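**Student:** Please read through the structure below; I'll follow up with questions.
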Amino acid sequence: MKKTCFLICFLSALILLGTFTVPLDSYPSRSITDFYVKWTYPIEDFFVTTPTLIDLDGDGVKEVLTSGGNNKLFCLEANGSLRWEKTLAGQIYPQIAVDDLDKDGELELVLSVQDNYVVCLDVEGEYLWQFTTGYEIGSAPTIIDIDADGYLEVILPTEDMNIYCLDHNGSEKWRFLTLEYLYASPAIGDINNDGLLEILCWSHGGKVFCLDAFGKKLWSTQLSAGSMWSCPALADFNNDQLLESVFCDEDGTIHCLDSQGNELWTFTYGFHLYSSPVITDLDHDGSQDIIVGTYMNDTICLTGNGQVKWGSQMDWLVFASPALADINNDGNTEVIIGSLDKHLYCLDNAGGKLWSYETIDKIYGSAAIADLEGDGVVEIVFGSYTQTLYCLGLNYTSSSPNQWSTFRGGNFHTGWMDSDGDYIDDLTEVTYYESDPYTWEGEHLPKVRPTNLFPNASIFMVLISLAYIVLGTTIRKNRKNV
């Protein structure tokens, strides 16, 4: 009987061990030296977009959604072959938002068509709904459950001077008239710590609007007289439980506002800023950093109070926004960013150049980083201006979860980082999926929640069955001996 008890305890211990993954810092790492072109795909127009990387059909392998800036939407397989192609009625705005809007177990694609409408497609590119605005659209849609009703909404600033909120079926819930042209996607967050989400959006004329979840203006402030193309980002820099916001204007100034719209500091760099800021603790020193590309041919990193930590010089202008990931799992976050000098750069967390890849033309759009094939190593997908989409493979044994894998942080475009690298940004995890944004539980597919609670499920079931067989055999033997 003692042997039996020992065996059952031993098997139980194996079962418990089988449910845990190896800590990230226990994986071997390699120096950042090796990358290669995995594939390229020709796009029929000048490429200024950021691709969207998402597992559309739940098979564990991601697809690539992209448009060259014309009226064609492409869906590629992980190996770069064409899955399907869709022609729309107007020019597609670069970034595509993806989630299961209507809770039917299938993902939907939401994208802006510059002429004057936003469209929702299924995973095969077929129309589900369309919403028409009063004028052109120059911003990417944001997906968020803004009013905590349990359904996702679409937030869309447009050039008809309105900020729209659409429900999951594409019907208008509300609109707010700003009397200003709007080109930049908003930032979303509980800015004033009242338990409700707010929307921060700024106009082409340099005015910032803060709206509540139902489209009521809480405050507005005029920051700059220059044009605004860059999208804002949010963070709590001073740990006061209130969110600060960071904006970059065309005059070359970075602005930081408090939760009531008061300017805390500015940093003037001297020329245009088109890149959207990324906020994260880049060097793991306990403080948030701001990383942004500049028109002065470099990428800079600022502290949360506006002081320069480093700058990394490129050979020409930087329009793109950074993407962040620990691509070789060495415990350090790398910065991936393209430049008009035709190079995609990989920087370390102190701004040092680790490697670069030269394309055939300028790089305007941001890179997207994801493990396309599910092999534990990420790929980097980006486009150059002359009609080419690139996928770079990495010769590493593993990669860590991404923190800011694409434009606006993730496929929902909220302007938040993805701390646990499950391809759901922190804000969406907390407010909609009600999961821990700092605990990686396996890649989180929007149409299945929660996923991968037991990463070694097959081993788990075998060991459970074995334990029950041993226990049953022992009980039968004991009964015979009675």
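**Student:** What does the net charge come to around V110 if you take all other residues with beta carbon closer than 11 Å to its beta carbon, with K and R at +1 and D and E at -1?
**Tutor:** Details: positive: none; negative: D99, E108, E153.
Value of the local net charge: -3.
**Student:** Right, another one. Over segment 92-176, with the other protein chains present, what is the accessible area per residue in square angstrom, probe 1.4 angstrom? Please report the intermediate quantities before stating the final value.
**Tutor:** On the way: 2600 Å² over 85 residues.
That works out to 31 Å² for each residue.
**Student:** Also, I was wondering about something else. Starting at the first residue of segment 229-240, write each ³J(HN,Hα) from the Karplus equation 6.51 cos²θ - 1.76 cosθ + 1.60 with θ = phi - 60°, in whole Hz, x for Gly and Pro.
**Tutor:** 10, 6, 9, x, 9, 10, 6, 9, 6, 9, 6, 9
**Student:** Under the rule of at least 5 residues apart or a separate chain, name every residue whose amide H is placed under 5 Å from the amide H of A367.
**Tutor:** Residues meeting the amide H criterion: A323, G338.
**Student:** Ok, one more. With N set to the residue count of segment 316-407, report its C-alpha Rg divided by 2.2 N^0.38 Å to two decimal places. Can you show the working numbers first?
**Tutor:** Details: Rg = 12.3 Å, N = 92, 2.2 N^0.38 = 12.3 Å.
Here the Cα radius of gyration is 1.00 times the empirical estimate.
**Student:** Still on this structure, I have one more. Shape verdict for segment 399-443, please, from the Cα gyration tensor: rounded (a/c under 1.5), prolate (a/b greater than b/c) or oblate.
**Tutor:** On the way: a/c = 2.06, a/b = 1.03, b/c = 2.00.
The shape class here is oblate.
**Student:** Quick one: with all protein chains in place, what share of the accessible area of segment 316-372 is carbon or sulfur, to the nearest percent (1.4 Å probe)?
**Tutor:** Working: 680 of 1430 Å².
Ligands and nucleic acids excluded, carbon and sulfur reach 48 percent.
**Student:** Any idea what the relative contact order of segment 300-350 is, in percent, if you count C-alpha pairs under 8 Å spaced at least 6 apart?
**Tutor:** Numbers: 77 pairs, mean separation 14.1, N = 51.
It comes to 28 percent, rounded to a whole number.
**Student:** Here's another thing I want to ask about it. Once you sort the root eigenvalues of the Cα gyration tensor of segment 142-259 as a ≥ b ≥ c, which label holds: rounded (a/c under 1.5), prolate (a/b larger than b/c) or oblate (the other case)? Don't skip to the end; give the middle numbers.
**Tutor:** Numbers: a/c = 2.07, a/b = 1.18, b/c = 1.76.
Note, shape of segment 142-259 comes out oblate.
**Student:** Apply the Karplus curve 6.51 cos²θ - 1.76 cosθ + 1.60, θ = phi - 60°, to the phi angles in segment 154-163 and return the couplings in whole Hz, x for Gly and Pro.
**Tutor:** 10, 9, 9, x, 9, 7, 8, 6, 9, 9
**Student:** Accessible area of segment 122-208 with a 1.4 Å probe: how many percent of it is carbon plus sulfur?
**Tutor:** Numbers: 1360 of 2940 Å².
The value for segment 122-208 is 46 percent carbon and sulfur by accessible area.
**Student:** Leaving ligands, DNA and RNA out of it, work out the accessible area of M296 with a 1.4 Å probe and give it in Å² to the nearest 10.
**Tutor:** 90
**Student:** Sticking with this structure for a sec: Report the convex hull volume per residue for segment 248-321, counting only C-alpha atoms, in Å³. Don't skip to the end; give the middle numbers.
**Tutor:** Working: hull volume 6.2 nm³, N = 74.
Cα convex hull per residue, to the nearest whole number: 84 Å³.
**Student:** Now, a different point. Find the centroid of the Cα atoms in segment 101-174 and in segment 277-326, then give the distance between the two in whole Å.
**Tutor:** 31
**Student:** Quick one: 3J(HN,Hα) in Hz for segment 411-420, Karplus 6.51/-1.76/1.60 with θ = phi - 60°, rounded, Gly and Pro as x.
**Tutor:** Karplus values, whole Hz, x for Gly and Pro: 6, 9, 6, 7, x, 10, 6, 10, 4, 9.
**Student:** Let me ask something additional. For a protection proxy built on the mean count of beta-carbon atoms within 10 angstrom, sort 196-209, 141-154, 71-84 highest first, please.
**Tutor:** Working: 196-209: 21.9, 141-154: 20.4, 71-84: 17.0.
Ranking the peptides 196-209, 141-154, 71-84 by packing returns 196-209, 141-154, 71-84.
**Student:** Can you give me the solvent accessible area of W404 with a 1.4 Å probe, rounded to the nearest 10 Å²?
**Tutor:** Accessible area, nearest 10 Å²: 10 Å².
**Student:** Can you sort H255, H284, H168 by 1.4 Å-probe accessible area, starting with the largest?
**Tutor:** Details: H255 10, H284 100, H168 40 Å².
Reading off the accessible areas and sorting them downward yields H284, H168, H255.
The values are calculated or read from the model by the stated rules, or taken from the named source; none is laboratory data. In this text, all values refer to a predicted model and were calculated from it rather than measured experimentally. Heads up, the Cβs are rebuilt from the backbone with ideal geometry, glycines too, and the neighbour counts pull from every protein chain shown. Accessible surface areas use protein heavy atoms only, side chains included; no ligands, DNA or RNA. Shrake-Rupley method; radii C 1.70, N 1.55, O 1.52, S 1.80 Å.
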